[in-house]
Amino acid sequence: MLKPQESETRDQRLLDGIWSFSAGPDIDARPWTAPLENARDIAVPGSYNDQLADDAVRMHVGWAWYQREVRIPASWHGQRIAVRVDAAAHEGRVFVGDELVAQHVGGFTPFEADITDLAQPGQSVRLTIGVNNLLTNETIPPGRIETDALGGVRNLGRFDFFNYAGLHRHVRLVATPRQRITDVTVATTSARADEATISYRVEADGPVRVAVVDADGTDLVTAEGAAGNIAIPSPRLWAPGAGELYELRVEMLEGDSIVDVFRQSFGIRTVEVRGAEFLINGEPFYFRGFGKHEDSNVRGRGHDDVLLVHDFALLRWTNANSFRTSHYPYAEEVLEHADRAGIVVIDETAAVGLNLAIGGGVHGLATEAAFSDTMFNDRTQAAHAQGIRELIARDKNHPSVVLWSIANEPEAVEPAARDYFAPLASLARDLDPTRPVCYVGEGRARFDTDAIVDLFDVVCLNRYYGWYVDNANVASAEARLESELRGWADAHGKPIIITEYGADTLAGLHSVFEQSWSEEYQATLLDMYHRVFDRIDAVVGEQVWNFADFQTSPGIVRVDGNKKGVFTRDRRPKQAAHLLRARWSTAQGPSGAPQPKES
C-alpha cells in the first residue's frame, strides 16, 4: 500500500485534531449509527489512555470509538476517495455513516477504506473509527485476560511495556485517480563508485514510464515498462551517516496523457552478511545505538514530529548510528527521517511475548508449552505471517532498513519453536531477498540450546548479566558474558549484535558503591559490556536498552515504568548517556566500523 502523497494527480487531507471519543460501548451496541453518547474530546494522533484524567479510560479493555464529521473537498470530483488509517491499536474498523467500509487486525501498520461511493465531493460524512485493544494468545503481540474479584477485566500484554491503544498515527482523506499506480518497489542490484544498478517493479492499472531523479530535480535516466533494471552512473551511495537519496518518478499513461504520478524516494546501497561480518556497501558496519520505544508523557505511543526531531538530535548527540524498532513497526515518518539522516534501522514486527517463562523482564517457571495447540498455535502463526507481510510491504523501499527482525524474545528453546519459525523465516526471505533476517533471543536460549538460530542470518542477543543475573556483581557478570559470547562465536560463526543490555537506573541516585539503580552502576555496567565486546571479533553491534525510560503496566516490579533508559522519559541524560557519547565518538569513519579488536 503506497503512502499517501500530493502530486500532479494525488491529494490528501490530514484529519489530525480533536475527535469525539467514547471508551465503549461494545461493538454489539452499534454506536457508529448515531453521534456518540457521553463523548469527550480526544486528540489524534495519540494514545487515549493518558489524555484524560480517568483511570477507567486508562485501563479500558475492549472497543473504544472515535467520531467526527468530515467534509470531502469539492475539487475531488471524479477521484477515488479513501480514508487511510496509519495505525489503530490493535484492531480497527472504519464506518462511514452506518456502513462498515474497512477492518484491520494489527496495531502498527496502515489500512485504508475506499469510500468513493459514499463520499460526495463538497458534502460531509460522519466518520467513526472503532479501535479494540484486546490481545489474546492468537494475536500479535499476544496477551492474556485476567478477571478480578469484582468481575473487572484487565488485558495484560505478554510484554514489558504499557499496552497503549487508540489512533496513534495520522488519519487521512486521500484522493487518487480511479485508475492508478498501486505499488512501487525499488532495490539496489549493485553499487560501485562508477556505476550502480537498481531494479524496479510497478503495479498499476495501465502502462508506466519511470525516471530516476537526482536531489536537484534533474532526470538522470528514464525507462519504459512496469519492471526493469536501470544503470546509474557515478552514483551517490546511501551510507551510515550519509543519507543520500534519489527519487523514482512513476507515471501511468493513457495514450500520450499522464493519468497518475507517484514519487518514490530510495537510496542506493547494498547489505550483505559475510561470515561474521555485516557489510553495508561492501564495508564492515558496526551498530552503535539503542532499542527504542514510541513512548512519551501524555502522548503514550502517539506520533509527534517534535519528539521525532528531538530524538534524532539526541541520537546524533550520542554519536549513535542505529536503532531497532523495538518491538513493533514504528511510524513511517520515523523511517523517512532515518533515510534522510543516514541512521541504520533494524525493523521489527510486533511479535513480542511469544514466551511463557518471562514477564516484565523477570524469568519465571512456565507451566505449559509456549508453542502448542492451546497457546501460540497455527492461528497465532497466521497472524504473525500477516504482520511480516505488512511490515515488508510498507518498509521495503527504505534504505535505512538493513535487517528484518521477525520476533523479540520468543521461547526459542522449545523444539516446537522450529516448526513455528521455519516458515516465517522463509516467508521473510521470499518477500525480500535483498536483506538479511534475524530474531532477537533472550537469555535462556544459549548457543547450545537455541532451537531456531540457524534459520537466521545474524545472531541478535538480549543479555542482562549484572542485572537479572549477578546483580551488583560486575566481575562475575563480565566472566559469564564473555564466556557465552565466545560460545556463540565458536558455535555459529555469524555476526553477533547485542540488541539489549543495560540496567534500571533512577535518575539522580548516586553511590560510591556498586549499587543497583544508581547512575554510576548503569555506567559501570555498560563499560564492562563494552570491554567484552571489544575482545570478541564476531560482535558487530551494541544497542543499549533503552534509549529513554518508558511506561509499563502497573505492578511491583517496575516503579512508574522501565528505567533502563540512558535518557529519562522527558529526554534528560543520565550519566550513561555521556559515557556512550564518549565511546561512540571514537568510531572510525561514517561506516561505523569499529576500532580493531583486542587480541
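We did not get these values from a lab; they are worked out from the coordinates using the rules stated. Because the structure is predicted, anything quoted here is derived from the model rather than measured. Cβ atoms come from the backbone with ideal geometry, glycine included; neighbour counts cover every protein chain shown.
How much length would be gained if the chain were fully extended between Met59 and Ile145, taking 0.36 nm per residue of separation minus their Cα-Cα distance, in nm to one decimal? Walk me through the numbers before you get to the answer.
Values: separation 86, 0.36 × 86 = 30.96 nm, distance 1.26 nm.
Computed gain between Met59 and Ile145 is 29.7 nm.
Sort out for me the Cα centre separation of region 306-321 from region 387-433, rounded to whole Å.
27
If you average the C-alpha positions of region 17-50 and of region 66-89 separately, how far apart do those two centres end up, in angstrom?
If you average the Cα positions of each part, the centres end up 18 Å apart.
Between Arg236 and Ser75, take the C-beta separation as r, use R0 = 45 Å, and let me know the FRET efficiency to the nearest 0.05. Intermediate results must be reported in sequence, preceding the final value.
Numbers: r = 38 Å, r/R0 = 0.83.
Taking R0 as 45 Å, the efficiency between Arg236 and Ser75 is 0.75.
Run the dipole for the chain about the Cα centre, Lys and Arg Cβ at +1, Asp and Glu Cβ at -1, nothing else charged, and hand back the magnitude in debye, nearest 20.
680
Summing Lys, Arg as +1 and Asp, Glu as -1, what charge do residues with Cβ under 15 Å from the Cβ of Ala39 carry, Ala39 excluded? Walk me through the numbers before you get to the answer.
Numbers: positive: Arg40, Arg68, Arg126; negative: Glu37, Asp41, Asp54, Glu69.
Computed value for this residue: -1.
Quote the relative contact order of the chain in percent (integer), defining contacts as alpha-carbon pairs under 8 Å separated by 6+ residues.
It rounds to 12 percent for the chain.
Hey, got the dipole for region 11-176? About the Cα centre, +1 on K and R Cβ, -1 on D and E Cβ, debye to the nearest 20? Intermediate results must be reported in sequence, preceding the final value.
Details: 15 positive and 21 negative charges, 70 e Å.
Magnitude of the dipole: close to 340 debye.
What are the chymotrypsin sites (Phe, Trp or Tyr not before Pro) within region 29-97 that DSSP puts in a loop, where the Cβ has at most 14 other Cβ atoms within 10 Å? Provide the component values of the computation, followed by the final result.
Details: sites: Trp32, Tyr48, Trp63, Trp65, Tyr66, Trp76, Phe95; in loops: Tyr48.
Answer in residue order: no site qualifies.
If I model a spin label at Ser7 and Arg274 as a point 7 Å from the Cα along the Cα→Cβ vector, what separation in nanometres do I get?
Going from the Ser7 label point to the Arg274 one covers 3.7 nm.
Based only on other Cβ atoms within 10 Å, what is the fewest-to-most ordering of Thr176, Thr222? Show your work: numbers first, answer last.
Numbers: Thr176 23, Thr222 13.
Placing the least packed residue first, the sequence is Thr222, Thr176.
What is the order of Asp148, Asp347, Asp256, Asp16, fewest Cβ neighbours within 10 Å to most? Intermediate values should be presented prior to the final figure.
Details: Asp148 8, Asp347 24, Asp256 5, Asp16 16.
Lowest to highest Cβ neighbour count: Asp256, Asp148, Asp16, Asp347.
Using DSSP to define loop residues, name the trypsin sites (Lys or Arg not before Pro) in region 240-274 whose beta-carbon has at most 10 other beta-carbon atoms within 10 Å. Before the final figure, lay out each step's value.
Numbers: sites: Arg249, Arg263, Arg269, Arg274; in loops: Arg269.
Sites meeting the loop and neighbour criteria: none at all.
State the extension gain, in nm to one decimal, for the chain segment bounded by Leu100 and Glu195, taking 0.36 nm per residue of separation less the distance between their alpha-carbons.
Working: separation 95, 0.36 × 95 = 34.20 nm, distance 5.06 nm.
That works out to 29.1 nm of additional length.
Find which of Ile498, Val474, Val344 sits farthest along the positive direction of the dipole of the chain, computed with +1 on the beta-carbon of Lys and Arg, -1 on that of Asp and Glu, about the Cα centre.
Positive-end residue among those listed: Val474.
As I understand it, the dipole of region 181-266 uses +1 on the Cβ of Lys and Arg and -1 on the Cβ of Asp and Glu, about the Cα centre. Which of Thr185, Gly241, Gly225 lies farthest toward its positive end?
Positive-most Cα among the choices belongs to Gly241.
Compute, for region 271-584, the length of the dipole vector about the Cα centre, with Cβ point charges of +1 (Lys, Arg) and -1 (Asp, Glu) only. Units Debye, rounded to 20. Provide the component values of the computation, followed by the final result.
Values: 32 positive and 47 negative charges, 122 e Å.
About 580 debye.
Based on the Cβ-Cβ distance of Thr374 and Asp219, what FRET efficiency does E = 1/(1 + (r/R0)^6) give at R0 = 41 Å, to the nearest 0.05?
That gives a FRET efficiency of 0.10.
Which ³J(HN,Hα) values in Hz, rounded to whole numbers, follow from the phi angles of region 185-199 under the Karplus curve 6.51 cos²θ - 1.76 cosθ + 1.60, where θ = phi - 60° and Gly and Pro get x?
10, 10, 9, 8, 8, 8, 9, 10, 5, 8, 7, 10, 10, 10, 10
Name the residues whose placed amide hydrogens come within less than 5 Å of the amide hydrogen of Gln12, ignoring near sequence neighbours (fewer than 5 apart) on the same chain.
Ala175
Using only alpha carbon pairs under 8 Å that are at least six residues apart, calculate the relative contact order of region 286-414 and give it in whole percent. Before the final figure, lay out the partial values.
Values: 161 pairs, mean separation 35.7, N = 129.
Normalised by residue count, the contact order of region 286-414 is 28 percent.
Span-like helices, the chain: DSSP H, alpha-carbon axial extent 15 Å or more, mean Kyte-Doolittle -0.5 or greater, which ones? Please report the intermediate quantities before stating the final value.
Numbers: long enough: 305-318 (20 Å, 0.85); 378-395 (25 Å, -0.85); 416-431 (24 Å, 0.22); 474-492 (27 Å, -0.44); 519-534 (23 Å, -0.64).
Passing helices, by number: 305-318, 416-431, 474-492.
Can you compute the modelled spin-label distance between Ala582 and Val153, with each label point 7 Å from Cα toward Cβ, in nm?
5.3
If packing is taken as the mean number of other Cβ atoms within 10 Å per residue, what is the order of 556-563, 135-142, 319-326, highest first? Mind showing how you got there, number by number?
On the way: 556-563: 15.8, 135-142: 22.2, 319-326: 24.6.
The peptides rank, most packed first, as 319-326, 135-142, 556-563.
For region 271-584, calculate the relative contact order in percent as a whole number, restricting contacts to Cα pairs under 8 Å that are 6 or more residues apart.
Working: 598 pairs, mean separation 61.4, N = 314.
Computed over region 271-584, the figure is 20 percent.
Which peptide among 99-108, 6-15 comes first, and what is the full order, when sorted by highest mean count of other Cβ atoms within 10 Å? Could you put the intermediate results ahead of the total?
On the way: 99-108: 19.6, 6-15: 15.6.
The packing order, highest mean first, is 99-108, 6-15.
With viscosity set to 0.890 mPa s at 25 °C, what whole-number translational diffusion coefficient in µm²/s follows for region 11-176 from Stokes-Einstein and a Kirkwood radius over Cα pairs? Mind dumping the intermediate values first?
Details: Rh = 16.4 Å.
It diffuses with D of about 150 µm²/s by this estimate.
Show me, for region 86-103, the HN-Hα J-couplings you get by feeding each phi into the Karplus relation (A = 6.51, B = -1.76, C = 1.60, θ = phi - 60°), rounded to Hz, glycine and proline as x.
Result, ordered by residue: 5, 5, 9, 8, 10, 9, x, 9, 10, 10, 10, x, 8, 9, 6, 10, 6, 9 Hz.
Could you sort 291-299, 157-165, 415-423 so that the peptide with the highest average Cβ count within 10 Å comes first and the rest follow in order? Intermediate values should be presented prior to the final figure.
Details: 291-299: 20.9, 157-165: 23.9, 415-423: 16.9.
My ranking of the peptides, most packed first, is 157-165, 291-299, 415-423.
Counting only residues 5 or more places away or on other chains, whose amide H sits under 5 Å from the amide H of Asp183 once H atoms are built in the peptide plane?
It is Glu203, by chain and number.
State the Cα centre-to-centre distance between region 200-217 and region 226-262 in whole Å.
Cα centroid of region 200-217 versus Cα centroid of region 226-262: 5 Å apart.
With the crude spin-label approximation of a point 7 Å out along Cα→Cβ, what separation in nm comes out for Phe513 versus Asp430?
5.8
Using θ = phi - 60° and the Karplus curve 6.51 cos²θ - 1.76 cosθ + 1.60, what whole-Hz ³J(HN,Hα) does each residue of region 286-295 get, with Gly and Pro shown as x?
For region 286-295, the Karplus curve yields 10, 6, 10, x, 9, x, 10, 9, 7, 7 Hz.
Within a Cβ distance under 14 Å of Gly275, other residues only, what is the Lys/Arg minus Asp/Glu net charge? Write down the numbers at each step before the final one.
Working: positive: Arg274, Lys494; negative: Glu272, Glu277, Asp457, Asp490, Asp537.
Summing Lys and Arg as +1 and Asp and Glu as -1 gives -3.
Add +1 for every Lys or Arg and -1 for every Asp or Glu among the other residues with Cβ under 14 Å from the Cβ of Ser585, and state the total. Kindly include the intermediate steps, with their values, before the conclusion.
Working: positive: Arg288, Arg316, Arg581, Arg583; negative: none.
Taking every other residue near Ser585 into account, the sum is +4.
Please state, rounded to one decimal and in Å, the Kirkwood hydrodynamic radius that region 181-266 gives when every pair of distinct Cα atoms enters the mean of 1/r.
On the way: mean 1/r = 0.0753 Å⁻¹.
Answer for region 181-266: a Kirkwood hydrodynamic radius of 13.3 Å.
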